[in-house]
1. So what J values fall out for segment A:161-178 if you push phi through Karplus, 6.51 cos²θ - 1.76 cosθ + 1.60 with θ = phi - 60°, rounded to Hz, Gly and Pro as x?
2. Within a Cβ distance under 11 Å of D:K37, other residues only, what is the Lys/Arg minus Asp/Glu net charge?
3. Given H placed on each backbone N at 1.01 Å, which residues far from C:T184 in sequence or on other chains put an amide H within less than 5 Å of it?
4. Scanning chain A for GluC sites (Glu not before Pro) in DSSP loops with at most 11 other Cβ atoms within 10 Å, what's the longest stretch left with none?
5. How much of A:I44 can a 1.4 Å solvent probe reach, expressed as accessible area in Å² and rounded to 10?
6. Might you tell me the accessible area per residue for chain B, computed with a 1.4 Å probe and given in Å²?
7. For peptide A:167-179, how many partner chain Cβ atoms fall within 10 Å of a residue's Cβ, on average?
8. Applying the Karplus parametrisation 6.51 cos²θ - 1.76 cosθ + 1.60 with θ = phi - 60° to the phi angles of segment A:56-67, what ³J(HN,Hα) value in whole Hz is obtained for each residue in order, glycine and proline being reported as x?
Number of protein chains: 4
Amino acid sequence: MSYPSTIQKLIELFSKFPTVGPRTAARFVFYLLKSSKEEIEELINSISNLKKIVKICSFCFNPFEPSQVSSKFGEGKGEGDLCPICSNPSRDRNLLCIVEKETDLITIEKTKKYNGLYFILGGTVSSLRKADVEKLRIKELQERIKNHIELIKEIIVATNPTTEGEATTLYLERVLKPYNKRITRLGRGLPVGAELEYADEETLGSALEGRK
Amino acid sequence: MSYPSTIQKLIELFSKFPTVGPRTAARFVFYLLKSSKEEIEELINSISNLKKIVKICSFCFNPFEPSQVSSKFGEGKGEGDLCPICSNPSRDRNLLCIVEKETDLITIEKTKKYNGLYFILGGTVSSLRKADVEKLRIKELQERIKNHIELIKEIIVATNPTTEGEATTLYLERVLKPYNKRITRLGRGLPVGAELEYADEETLGSALEGRK
Amino acid sequence: MSYPSTIQKLIELFSKFPTVGPRTAARFVFYLLKSSKEEIEELINSISNLKKIVKICSFCFNPFEPSQVSSKFGEGKGEGDLCPICSNPSRDRNLLCIVEKETDLITIEKTKKYNGLYFILGGTVSSLRKADVEKLRIKELQERIKNHIELIKEIIVATNPTTEGEATTLYLERVLKPYNKRITRLGRGLPVGAELEYADEETLGSALEGRK
Amino acid sequence: MSYPSTIQKLIELFSKFPTVGPRTAARFVFYLLKSSKEEIEELINSISNLKKIVKICSFCFNPFEPSQVSSKFGEGKGEGDLCPICSNPSRDRNLLCIVEKETDLITIEKTKKYNGLYFILGGTVSSLRKADVEKLRIKELQERIKNHIELIKEIIVATNPTTEGEATTLYLERVLKPYNKRITRLGRGLPVGAELEYADEETLGSALEGRK
């Protein structure tokens, strides 16, 4: 016996969600079957609103709601396409931080230790093959830098310190070289909760060099 | 910085899904933001169809689509409210298998080793307190048994062999006693892939007694 | 810098212990370095006694201490080579249970559900290749059965229900066929604490068939 | 049935080893039972040699073998009590690195990024209660610093960035304050292989500040 087709269809759609397998997808469907009509409507409306209301920032590619942006900026000039960060006059325009994805931007914002602008690259590369590299927003990145060439003083490549993140960094350093800007990476070291004994040599070496 | 309210709202709704925390919920939202208009519509339609098309079986509480049930049965008699299993004339009506939830029914069907009917209890109890017990479909179960009292020969209590499942079984055995039917439980033993050395004494004892 | 050679040597010896890697082995050595002279001596004496005092049962290969065996048995007859189980007159000599290793024997004894004799096979096979099969105590097993051919009524093959355990069972069934004895296996089913939803089809099918 | 007393005794002794529970201890014993006489003797000799041959460095508490130390140093002067690191004239005596335990020293040595001396504290504290603090080699540490007060320029407190490690650092900073030395800690940041998204705010904040 298999599931009815309406249920099966929805299991398949939920199975495409990140981290979701068919078993979890089935649990989602049974959860919805037990939900009230009002809860279902609320969910449908929220999903539907997502594409209607949320815009993608024309500078950094961060999703935002136009209503979040103060009317002082962008009024009548189409600059409403900038997200609250990019349209915030108190952000430091000398700093550009390149992140892989939206959640990385949020994670950095939560530290409250960074006040510059961002650029969401849209992925990482595991090789420098053309097919891989074309998935990244390289042209858009180059354009942003050209257009703000005099403002930008430092470009922070905030990719993950993983193999893919490193490959991406190497590629970006090559792409960014012509602009003659200071290019930095996030500092390596021991994270909170780590144990020296299990740290790899590179991490511990960086932690020693970066002692203070 | 927090997420825009439309995103935040949807993160909250997805966080109510079983096994989903806020971080995974956020990934779901960014997945949807990257999906095409057509994909979003397909998802919304599928969710919307769920409540419209899927019915709950009036005997066993299994969700099903009326179109699944052959027109030979139930036509004009309101028996269209029976799921394909309950309306299948070749199923053995002498056997009633009580399961906790929908996915357990599907899991048992997949073994192709059971040809009787089911009853989805809707939960388990951790105690015999009234508030706990009232969440189960006990009245409906009693009604089903009364209405088929001459057909039913064996009632299989197929709860999980966990503490909660055992408490539920004890309660069901008390509830079912007056009907004077053979009440059985799933056999205990070593599961595929197990190692003797890590088996608990009760499981291994059952495996020894049930050797063949 | 590496460890001093005395420490390095002991790390290597401990690394041969089952489940122990070099990091854990190093922790063992530092633990010993911090132990008192008396504790070290106690450990050395216990290891040294192991081979001196513990004998291997000449029937089932179970390790035992001769002093465990009541003097009524074996006195002056070299039967002191039988372990307490094999020399216990109240054990059922009609039953022979073949286990993979010593700890499996202990695990079964702890259930108190088995009162027959054992035979420790000394391993499992992943294939029926000669090199694999030769590691098992097949000749010894055949000899035990031949010598007790009239007593033995049932041979329980209590290997793990894993791929290796199954291969071993298939091989044993072939080896044991000529003796025309009842050959049984441990019962399959749901172990204590399992959840139906995550049970494989074979296990759940066995649990259904073995219901009671 | 329980294990013979010789086996039981050894299981108990092995169960005291770090990370070892009774089940693993039993596997150790069966491993030894299967080992040859020569292997057992080798193990016993190695354990026995440990206390006879290995000395504890009179400066840093690092275990070492006197034969490791070149005869040029310490001959006839009792300075053979210094480990190869402490007696190596090319190590930088301006730097003193305080580590919790022996394996941490080895881990740092393996990075080849540190050329100073060490001091093994012998533990960490979870509180500043007297009973806790007395387990550490505080008096010995104070003595070492006093005796080399003019050489030491920087004291690196290389405890784990865990709650216990932090408590220990706070305590050490208080203890070391009177000596008016530069006191540093290992740098915080993202370790190799980390993902930004799962980094805590403090770690990511440090990684941003420590960018280069």
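The values are calculated or read from the model by the stated rules, or taken from the named source; none is laboratory data. On a predicted model such as this, the values are computed, not experimentally measured, just so you know. Neighbour counts run over all protein chains shown; Cβ positions are idealised from the backbone, glycine included. Surface areas here come from the heavy atoms of the whole protein model, side chains and all, with no ligands, DNA or RNA. Shrake-Rupley method; radii C 1.70, N 1.55, O 1.52, S 1.80 Å.
1. Per residue, the Karplus-derived 3J(HN,Hα) values read x, 9, 4, 5, x, 5, 4, 5, 4, 4, 5, 5, 4, 5, 5, 8, 3, x Hz.
2. My count for the surroundings of D:K37 gives -2.
3. C:I155, C:I156, C:V157
4. Details: sites that count: A:E75, A:E134, A:E150.
Result for the longest clean stretch: A:1-74.
5. 30
6. Values: 10080 Å² over 212 residues.
With all protein chains present, chain B gives 48 Å² per residue.
7. Mean number of neighbouring Cβ atoms from other chains: 0.
8. 9, 4, 6, 9, 9, 6, 7, x, 7, 9, x, 5
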